[in-house]
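Q: To start, I am sharing the structure in question, which I have written as structure tokens.
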Amino acid sequence: MKCRTVGVYSTKGGVGKTTSAVNLAFLAAREGYSTLLWDLDTQGSATFYCQQRAKVKGGVKKLIHKKTDISKVVKGTAYDNLSMIPSDTSVRKLDLFVNEMKNSKKALKRVLKDLKQEFDLIFLDSPPGMSVLSESIFYAADVLMVPTIPSTLSIRTLETLDEQYASLELEQNQIIPFFNLVDLRKKMHREILEIYAQDPRFLSSFIPNASIVEQMGFRQAPLLSFNRASKASKRYLELWAEFGRRAGI
Ligand SMILES: Nc1ncnc2c1ncn2[C@@H]1O[C@H](COP(=O)(O)OP(=O)(O)OP(=O)(O)O)[C@@H](O)[C@H]1O
Ligand SMILES: [Mg+2]
């Protein structure tokens, strides 16, 4: 199978990038895909959820400059088929390193080239914001998955992303938004979901705002590893199936 890279991205913070990246990477691995999750956020939340230590041998700078043997920074997790590159405090300088490099936008893509030989799927958990690193993620990813809270501001963020994206002349990839943290008791959420039900770009599966999802923090584990029966777990399964069809996985 040709490796596919999925960037989980939004300029907005707290929309569920990490939660989605961890859960979908877990589901992909469980289905038998050899999967890598790369925590590109200095907050290290994905690293925490997967019970890894935040440390990349030699630092991310060497990794980006291809001076580290990539196989040494890839760690196994407690789950079959799921490996990860943990976050590292030096990730906070990642923007600077990438910026310093010639053809910086393609830096991440170059590093991923070697990893693509080894994995079927690579999930990139992005930090929020718009930076050189985010541009680098756009170039590296085959698809960009964008968790979106149903609010006017989030929709606006998505439109801005479209504009930025259009100016980059990317060869490949598509933006795949979906709704997260949905609360159907809220009129605004219902209305926005109804409007975007007509938009072929949004996945029709969405993830409700559910407290069981927050338990990932206590458990330090992907939701589906400790709970299969909740509504939220079922929604993640639907989301993964629909996303897979859309992204050609
Ligand atoms: N569907 C959900 N239901 C309830 N809580 C959720 C859901 N999705 C995410 N959360 C919670 O919302 C918070 C933010 O989620 P997450 O860390 O995944 O967002 P993020 O976009 O990665 O944030 P950041 O921009 O800081 O990296 C976390 O506490 C997480 O547990
Ligand atoms: Mg995050």
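The values are calculated or read from the model by the stated rules, or taken from the named source; none is laboratory data. This is a predicted model, so every value here is computed, not measured. Surface accessibility is based on the protein's heavy atoms, side chains included, excluding ligands, DNA and RNA. Shrake-Rupley method; radii C 1.70, N 1.55, O 1.52, S 1.80 Å.
Q: Which aspartates and glutamates have a Cα less than 12 Å from the Cα of Lys75, not counting those fewer than 8 places away in the same chain?
A: By straight Cα distance, Lys75 reaches Asp39.
Q: Now a separate question. Percent of alpha carbon pairs in the chain separated by more than 24 Å?
A: Looking at the chain, the distances longer than 24 Å represent 43 percent of pairs.
Q: To continue, here is another question. Can you tell me which of Met130, Met145, Met216 moves the most in a GNM of the chain? Springs connect C-alpha atoms under 10 Å apart.
A: It is Met130.
Q: Against the longest principal axis of the chain, how steep is helix 152-166, in degrees 0 to 90 to the nearest 10, with axes from Cα atoms?
A: 40
Q: For the range 117-139 and the range 203-239, compute the distance between their C-alpha centroids and round to whole Å.
A: 23
Q: Here's another thing I want to ask about it. Nearest 10 degrees is fine. How inclined is helix 107-118 to the longest principal axis of the chain, computing both from alpha carbons?
A: Once rounded, one gets 90 degrees.
Q: Now a separate question. Of the accessible area of the chain, with the probe set at 1.4 angstrom, what percent is carbon plus sulfur?
A: 49
Q: Taking only Cα atoms, what is the 0 to 90° angle, nearest 10, from helix 231-247's long axis to the longest principal axis of the chain?
A: 60
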